[in-house]
Structure formats: C-alpha cells, structure tokens
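Each remark here refers to the structure printed beneath this line.
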Amino acid sequence: MSQTSIDLQSDVNHAVELLHKLKRNNELSAHKADALISVLESPFFNAVREVYEHVYQTVEVQANEEIRANATAKATVAAFAASEGHAHPRVVQLPVTDEGFGFNIMGGKEQNSPIYISRIIPNGVAARVGGLRRGDQLLSVNGVSVEGESHTTAVQLLKDATGVVKLIVRYTPRVLEDMEARFEKQRQRAAQQQQQQTLQQQRTLDRNSMPRNKGR
C-alpha cells in the first residue's frame with residue numbers, strides 16, 4: 001500500500017490569503033471574495049479535503065501524479081455520492097494502543113447490514129480522542145473499503161492496524177436504530193421459539209411421567 005502523503009491545508013490557507021488580498025485591492029468584489037472564502041473555510045469543504053488526502057495516501061495507482069490525482073478525485077466523489085441524503089464522510093484517526101480503540105462495531109454482510117459504530121466506550125481511546133460517534137457507519141479502514149464486507153473482515157483490519165488507524169465514516173444514526181430494532185425483533189422471536197420448545201418438551205415429559213392404569 002502506498003504511503004505517499006499530501007497536505008492541502010497550506011494551499012487552502014494560501015488561497016484564502018490571496019482572496020483577502022484581492023478584496024483589499026479591489027481586484028475582486030467583496031461579495032465574490034467573501035463567498036469563495038466561506039466555501040474554503042466551510043466544514044463541508046474541510047471534510048472533502050480530509051477524505052481526498054486520505055484516499056490519495058492509500059489509493060493503489062502505479063502511475064504519474066496526474067493519473068493518481070484523477071483516481072483520487074474520482075474515489076472522493078464516489079464516497080460523497082454514496083452519502084447522498086446522509087451526513088458527509090469524515091476521516092477519523094485513532095492511535096493503536098494496547099487497550100484497543102475504545103469502540104464496538106456491529107453489522108456486516110452476514111447480517112445483511114452495513115457495519116456501524118454501536119458503542120463508544122467511556123474513557124476509551126475513541127472517547128478521549130474524539131471525532132467518532134455512535135451511529136457512524138464504517139466505510140473504510142486504512143484505505144480498505146468495508147462496505148459490503150463481513151463483520152469479521154472489519155475486525156481483522158482493525159486488529160492489523162499499526163501506529164495509527166485511519167477510518168472513513170459517515171453519521172447515519174437512523175439506519176443504526178432501524179438495524180438495532182430489527183435485531184431486537186429477531187432476538188425476541190428466537191426467545192419466544194425457545195420458550196415454546198421448552199414448554200412443549202415439559203408437556204411431553206409430564207405426559208410420559210403420568211402413571212398409566214393397568215388392566216385387571
């Protein structure tokens with residue numbers, strides 16, 4: 001996996017400074033300059049920048065920088081397109097420690113559901129670092145997509161991480177709530193079936209243990 005890194009924040013800062021300069025020198029209208037600065041400093045633009053940098057570092061493209069940049073741009077657009085109607089993707093980085101990452105996941109293709117952050121452990125690594133929320137859907141781990149993957153695959157990717165694990169997530173709590181409700185209904189049905197089987201077995205035992213009248 002490629003480890004080439006890129007940092008676009010300095011370029012963004014330079015662009016903002018240039019817009020301020022153009023505005024002061026009346027080379028660009030204040031309305032247009034302020035609108036562009038607002039975009040460059042918006043949380044959404046920052047999220048796009050973070051995802052782009054993360055994808056650029058992990059994308060497997062053995063080619064020149066232009067082709068690599070184009071591949072990264074397409075992957076970034078795909079990540080945001082997949083989130084249409086939901087919160088935009090975010091990059092969360094957590095250090096690898098002996099105490100684990102401090103969160104639990106649920107779901108996976110074996111349960112016919114996405115993989116979600118189901119719990120943030122109090123005082124754990126994720127809680128202390130911040131950035132990760134219960135209800136976040138896990139999209140990738142260190143550049144490897146987990147969409148449509150099994151729960152086991154996601155757990156193994158987390159276990160294999162060294163140094164720092166980089167996650168791409170998006171916040172869709174309603175889907176998690178629906179998934180948990182479905183699992184709860186399945187659990188209740190299984191419990192009812194078990195109870196019915198137990199009662200049936202008990203009735204069978206009771207009938208077998210009843211004394212039988214012997215003919216005279």
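Mind listing whichever residues of the stretch 13-42 are open to solvent by 100 Å² or more (accessible area, probe 1.4 Å), part of a helix (DSSP H, G or I) and of a type outside the set (Lys, Arg)?
Of everything in the stretch 13-42, those that are open to solvent by 100 Å² or more (accessible area, probe 1.4 Å), part of a helix (DSSP H, G or I) and of a type outside the set (Lys, Arg) turn out to be HIS14, GLU17, HIS31.
Being part of a loop (DSSP other than H, G, I, E, B) and either closer than 18 Å to GLU53 by Cα or not acidic (Asp, Glu) (or both) narrows it down to one of ARG134, ARG128, so name that one.
Result: ARG134 is the single residue among ARG134, ARG128 that is part of a loop (DSSP other than H, G, I, E, B) and either closer than 18 Å to GLU53 by Cα or not acidic (Asp, Glu) (or both).
Just one of the numbered conditions (1) in contact (Cβ under 8 Å) with a residue 60 or more places away in the chain; (2) over 24 Å from the mean Cα position of the chain (by Cα) is not true of ALA190; which one?
With respect to (1) in contact (Cβ under 8 Å) with a residue 60 or more places away in the chain; (2) over 24 Å from the mean Cα position of the chain (by Cα), ALA190 is out only on (1).
Filter the stretch 137-171 down to the residues that are of a type outside the set (D, E, K, R) and assigned to a loop (DSSP other than H, G, I, E, B), then identify the one that is modelled with the lowest pLDDT.
The selected residue is GLY143.
Here is a list of conditions, (1) modelled with pLDDT of 85 or more; (2) loosely packed, with under 12 Cβ neighbours inside 10 Å, and GLU84 meets all of them except one; can you say which number that is?
Answer for GLU84: the failing condition is (1).
If the Cβ limit is 9 Å and pairs must be 6+ apart or interchain, which residue in the stretch 91-104 that is free of Cβ contacts under 8 Å to residues at least 12 places away in the same chain pairs with which residue that is open to solvent by 60 Å² or more (accessible area, probe 1.4 Å) and part of a strand (DSSP E or B)?
none
Filtering the stretch 119-138 down to residues that are more than 10 Å from the chain's Cα centre (by Cα), among the aliphatic types (A, V, I, L, M) and buried (at least 16 other Cβ atoms within 10 Å of the Cβ), which residue is farthest from VAL92 (Cα to Cα)?
Out of the qualifying residues, it is ILE120.
Taking into account only those residues within the stretch 88-136 that are closer than 14 Å to HIS151 by Cα and charged (D, E, K, R), which is modelled with the highest pLDDT?
LYS109
Go through the stretch 190-216 and give me each residue that's open to solvent by 90 Å² or more (accessible area, probe 1.4 Å), at pLDDT below 80 and part of a helix (DSSP H, G or I).
If the condition is that a residue be open to solvent by 90 Å² or more (accessible area, probe 1.4 Å), at pLDDT below 80 and part of a helix (DSSP H, G or I), then GLN201, GLN202, ARG203, LEU205, ARG207, ASN208 are the ones that fit.
Would you confirm whether or not the stretch 110-118 contains a residue that is part of a loop (DSSP other than H, G, I, E, B) and either touching a residue at least 40 places away in the same chain (Cβ under 8 Å) or among the charged types (D, E, K, R) (or both)?
Within the stretch 110-118 (the criterion being part of a loop (DSSP other than H, G, I, E, B) and either touching a residue at least 40 places away in the same chain (Cβ under 8 Å) or among the charged types (D, E, K, R) (or both)), the answer is no, since none of the residues qualifies.
Considering only the stretch 139-165, state which residues are out of contact with any helix residue (DSSP H, G or I) (no Cβ under 6 Å at 6 or more places or on another chain) and open to solvent by less than 30 Å² (accessible area, probe 1.4 Å).
LEU139, SER140, ALA154, LEU158, ALA161, VAL165, listed by residue number.
The values are calculated or read from the model by the stated rules, or taken from the named source; none is laboratory data. Every value quoted in this text rests on a predicted model; they were computed, and no experiment measured them. So basically every Cβ, Gly included, is an ideal-geometry build from the backbone, and we count neighbours across all protein chains shown. All accessible areas refer to the heavy atoms of the entire protein, side chains included, with ligands and DNA or RNA removed. Shrake-Rupley method; radii C 1.70, N 1.55, O 1.52, S 1.80 Å.
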